[in-house]
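See below for the structure under consideration.
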Amino acid sequence: MALPQSADYVLIGAGIHSLSLAWRLSDLLGARNGNDPSIVVLDKSDIGAGASGIACGVVRNNYFQPAMRELMAHSVGVWESDPEAFHYQSVGYMQISPETMHEDVAQIYAEQQAIGYESTFVEGKDDCRRYMKKIVEDWQMEDTTSVLHEKRGGFAHNQASLEGLAAKARARGVQIVPQCRVTGFQRDNGSQAVRAVETDQGTIACEQIVVAVGPWVRDLWAMLDLPQQVSVRSGQENNGQENNGKATTVPMWRYWQLEEGVLQVDPSYQQTNDGETPPVFHVDSEQPLIDKQSGKEIVKEGIWGVYYKPDRNFGGVQGGAAPYKIDLEADEVAVDPYGPESPQFTASKTFPDMWCCALAACQQRFEGKRSLYLEEPSGGVGCFTPDSFPVFDRFCDNVYVIADSNHGYKMIGVGHLVAEELLGATSALLEPFRFARYERGALHPTSKSPFPWS
Ligand SMILES: Cc1cc2nc3c(=O)[nH]c(=O)nc-3n(C[C@H](O)[C@H](O)[C@H](O)COP(=O)(O)OP(=O)(O)OC[C@H]3O[C@@H](n4cnc5c(N)ncnc54)[C@H](O)[C@@H]3O)c2cc1C
């Protein structure tokens, strides 16, 4: 498709955020103006070429940060608005935790009740074991002392859901231009505002720009001349309130590698006692992880975590473990080729043993199944902000950046809220994620989970 010469809104990146935004914005503009909205989505490759196209697809509310939970509750509502188009399975989600996390998860449960998000909380070893065995008879984790069972949420099929969003956007007049790489921005002398976007297919003049490029945000951020170092006033995490703690200067971006893989068991293998698709299981534990077959100690001590759910792309069961930090400066990380095609950044050699062993520790049916692990490159890098939480904000007068700090496939509703902000509203749900929070020390609280996104 040829690049138009101009558009009111240019959205960069064809992942979950741009596509959801394009859909909602075209709806709102259509209703307001009664004519064809001028929204163009540009992607250097195509729909789903980034993190959204390889995401495991887990949709949950379980976050320790109240602001994240409220935002996720909104997004779950958007997933539920058209499960068929989004290939969304509303099977629920379970956070299964050891005693170290009990208090944090109890707080999440209490706050879920306060915002009306339906969940059940089970406490104590015996009750947790009984509860899990009612769902899957072969449950065998021993150190679980709390289970948070979210009745909403579940998982969606990555690429299929993006195609569903793209179809909605196209039906409302949005143009999606693949194979069009953004290379720079044009500004008038002395002006902050961007008046045109430069690409390898030519230049497109525009009124407003949205950058939603997942792990490539580092590059677009640099093209916009935004700060590479950020002053973060830390002190103690204070749940969004300002503080007068000491300021430290840190790099704006860091990369982590997501560890994910697939066990090629029969697709019907992971079912509940009633023959249903089970909820997504997220299990954290401090139990030593020992491979029963070889006797090898996989994790001797400390907390570990895994998640898993049925998979559609490969058949079987898909999931992951905690990511690892890439020990390079952000500008040294080669994001392309991305995901499983990267020669450098895919799931580590130790991941399959750890993940398969953890699944076997959770459910007896996975014992002796390590040989069914799909031995192909998997996973991909994520670009994280200084506090590992999203930044949703306006820069350079007319550029909106959606930098989700790798939380984002589940956040299908963020595009809707950004659409409203582009048209002049202020979203209370997005307010806690402004860039100025670093300088103000208005940071989010952090939990005891081994994951940087919990
Ligand atoms: C392995 C893995 C598993 C994950 N699992 C989950 C999960 O289960 N649940 C969850 O909620 N989140 C998950 N995430 C995180 C989630 O996938 C991302 O946070 C989210 O998809 C980012 O969406 P996005 O729209 O910002 O960007 P992306 O989906 O990454 O899309 C960015 C697009 O921008 C394009 N682009 C880049 N540079 C340019 C340029 N210069 N010009 C034009 N186009 C450009 C790319 O081609 C790409 O298509 C996972 C991430 C990874 C890596």
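The values are calculated or read from the model by the stated rules, or taken from the named source; none is laboratory data. Fair warning: this is a prediction, and the values are worked out from it, not measured in the lab. Here the Cβ positions follow ideal geometry from the backbone for every residue, glycine too, while neighbour counts run over all protein chains shown.
I need the full set of residues from the range 198-224 which are away from the ligand (no atom under 12 Å from the Cβ) and either of a type in the set (Val, Ile, Thr) or outside the structural domain of ARG181 (by TED's automatic domain parsing) (or both), in order please.
Within the range 198-224, just THR203 meets the criteria.
Any idea which of (1) closer than 25 Å to LEU429 by Cβ; (2) over 17 Å from the mean Cα position of the chain (by Cα); (3) within 10 Å of the ligand (Cβ to nearest atom) is the one HIS17 doesn't satisfy?
Among (1) closer than 25 Å to LEU429 by Cβ; (2) over 17 Å from the mean Cα position of the chain (by Cα); (3) within 10 Å of the ligand (Cβ to nearest atom), the lone unmet condition for HIS17 is (2).
Mind listing just one residue for me: the one in the range 282-339 that is surrounded by 17 or more Cβ atoms within 10 Å (Cβ to Cβ) and of a type in the set (Ser, Thr, Tyr) and, of those, farthest from GLY379 (Cα to Cα)?
Here the answer is SER285.
All but one of (1) out of contact with any Phe, Trp or Tyr (no Cβ under 9 Å at 6 or more places or on another chain); (2) without any contact (Cβ under 8 Å) to a residue 24 or more places away in the chain hold for GLY441; state the number of the condition that does not hold.
(2)
Being of a type in the set (S, T, N, Q) and at pLDDT below 95 is the filter here; which residues of the range 27-60 pass it?
Correct list: ASN33, ASN35, SER38.
Only one of these is within 15 Å of the ligand (Cβ to nearest atom) and touching a residue at least 24 places away in the same chain (Cβ under 8 Å): GLN89, GLN5. Name it. Before the answer, list the steps.
Details: GLN5 fails: within 15 Å of the ligand (Cβ to nearest atom).
Of GLN89, GLN5, the one residue that is within 15 Å of the ligand (Cβ to nearest atom) and touching a residue at least 24 places away in the same chain (Cβ under 8 Å) is GLN89.
On the given criteria, is SER119 among the small types (Gly, Ala, Ser), without any contact (Cβ under 8 Å) to a residue 60 or more places away in the chain and buried (at least 16 other Cβ atoms within 10 Å of the Cβ)? Give the derivation first.
Details: among the small types (Gly, Ala, Ser): yes; without any contact (Cβ under 8 Å) to a residue 60 or more places away in the chain: yes; buried (at least 16 other Cβ atoms within 10 Å of the Cβ): yes.
Yes; evaluated as a whole, the condition is true for this residue.
Any residue at all in the range 124-147 that's within 27 Å of ASN313 (Cβ to Cβ) and either within 16 Å of the ligand (Cβ to nearest atom) or of a type in the set (Asp, Glu) (or both)?
yes
Consider the range 387-405. How many of its residues are surrounded by 19 or more Cβ atoms within 10 Å (Cβ to Cβ), in a loop (DSSP other than H, G, I, E, B) and in contact with a Pro (Cβ under 9 Å, 6 or more places away or on another chain)?
Final tally of qualifying residues: 3.
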